[in-house]
1. In the chain, what is the count of Lys pairs whose alpha carbons are under 18 Å apart, counting only pairs at least 8 residues apart or on separate chains?
2. Hey, if we sort TYR339, TYR52, TYR75 by accessible area with the 1.4 Å probe, largest down, what's the order?
3. Could you do me a favour and compute the accessible area per residue for the stretch 289-382, 1.4 Å probe, result in Å²?
4. Beta carbons within 10 angstrom, averaged per residue: use that to sort the peptides 169-177, 323-331, highest first.
5. Scattering from the C-alpha atoms of the stretch 1-155 alone, worked out with Debye: what is log10 I(q)/I(0) at q = 0.17 1/Å?
6. With no solvent and one equal point scatterer per Cα, compute the Debye intensity ratio I(q)/I(0) for the stretch 150-287 at 0.20 Å⁻¹ and report its log10, rounded to two decimals.
7. Which shape class, rounded, prolate or oblate, goes with the stretch 72-145 when its Cα gyration tensor gives a ≥ b ≥ c as root eigenvalues, a/c under 1.5 marks rounded, and past that a/b bigger than b/c marks prolate?
8. Shape verdict for the stretch 227-382, please, from the Cα gyration tensor: rounded (a/c under 1.5), prolate (a/b greater than b/c) or oblate.
Amino acid sequence: MLQAMRTSQFDQSMTRLDLGVGQPGFDLLPWDKLAQAAAHLLPQNDTALLNYGLEAGDAFFRQELAAFLTPRYGYDLTAVDLFITAGASSALDLICTLFTQPGDLVLVEEPTYFLALRLFADHGLRVRGVPLEKDGLNLAVLEELLYEEKPALLYTVPTFQNPTGITLSATKRRKLAELAEAHGFLIVADEVYHLLDYTAVPPAPLAALVPEGAPVLSIGSFSKIFAPGVRLGWVTAGSRYLEKLAGSGLLDSGGGLNPFMSGLLRSALQTGLAQAHLAWLKEVYGRRTAVLTAALREFLPAGFAFDQPEGGFFVWVRGPEEMDTAVLLPAAHSAEVGYQLGHKFSAAGGQANCMRLSFAFYKEESLREGARRLGRVLDNRA
């Protein structure tokens, strides 16, 4: 992610429009709201902000976060239902540390979030992909695979998936939880885009199955709904899983993660600043989604397709089967446009004819120009 930030800064100075950058634009960072939250918090002289915190995270922050999530998740959460992390990647890394051993199998969507694949590799885990359908994971393929393999985890981005934008249906969410219970694996639900709906309200998050005893660890993050630099997120799960997270050596040594920023976000929630920022982001991203997809329909040549995203950050463009987006990337860079390579999102080295575009980073006029440049490159491909 740091490399993405550096790349985007460099590309801006060189006029390249890198539609592969999957983070909020610099114009969307909430400097004013963070300053107001600090003005609300710091005069309180709360010494807990600058000390080792509770292993599960600041209890007052968890209480505010639970109140924020309850109407959005569709069930009653309390502070004890939450474990605070230093962002989604921190959560996924800690889950791998505590709930897997090197050589264990992790099932993922095909395609899946490419940096999750990097984390699984760091932990020495085997990875197999399960194909996606229009309504999420192909559960028939998954069931067949479960009679061959015994996975430790199934990693899913169930809502406005990264990279495809696909949302797992409500029926499949419940069936997936039943399969996890029957076959003894954990579902790690990366639900960081769940609150970013623009044209359709998604089904209840997989987190909503936790009170029923489902083996789900649901990950959320302020990186997508406030700012990535705050490095603050959460896990919602059953008590036995949260106790294992809080009892890790990492927390025993260092205390709760990010107590100072937890205090700032607590104030941002108490004063309504975080809620206002999320509402504004949804308006901006909704407009940007419409602009980019309209431009793609106008400029992409025949043989290219994508599905209209209803939320999240991304558009997944599929080209002719024989095309390799890696081969085209130098020509794209020469035309001052960029994208994320499709094969990076594949556990099996496939998806070479695809590319991931994001509408989160650039303003509307730049998104349209980026689509125009991309269309020209694809039109002129050999």
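1. Final tally of qualifying lysine pairs is 8.
2. Correct descending sequence by accessible area is TYR52, TYR75, TYR339.
3. On a per-residue basis, 41 Å².
4. In decreasing order of mean packing, 169-177, 323-331 become 169-177, 323-331.
5. Cα-only, vacuum Debye calculation for the stretch 1-155: -1.26.
6. Here the Debye-derived log intensity ratios amount to -1.29.
7. Judged from the Cα gyration tensor, the stretch 72-145 comes out oblate (a/c at least 1.5, b/c at or above a/b).
8. Taking the square roots of the gyration eigenvalues as a ≥ b ≥ c, the stretch 227-382 is prolate.
The values are calculated or read from the model by the stated rules, or taken from the named source; none is laboratory data. Keep in mind that this is a model prediction, so the values were computed, not measured. Cβ coordinates were reconstructed from backbone atoms using ideal geometry, including for glycine residues, and neighbour counts include every protein chain displayed. What goes into the accessible areas is simple: the full protein's heavy atoms, side chains included, and nothing from ligands, DNA or RNA. Shrake-Rupley method; radii C 1.70, N 1.55, O 1.52, S 1.80 Å.
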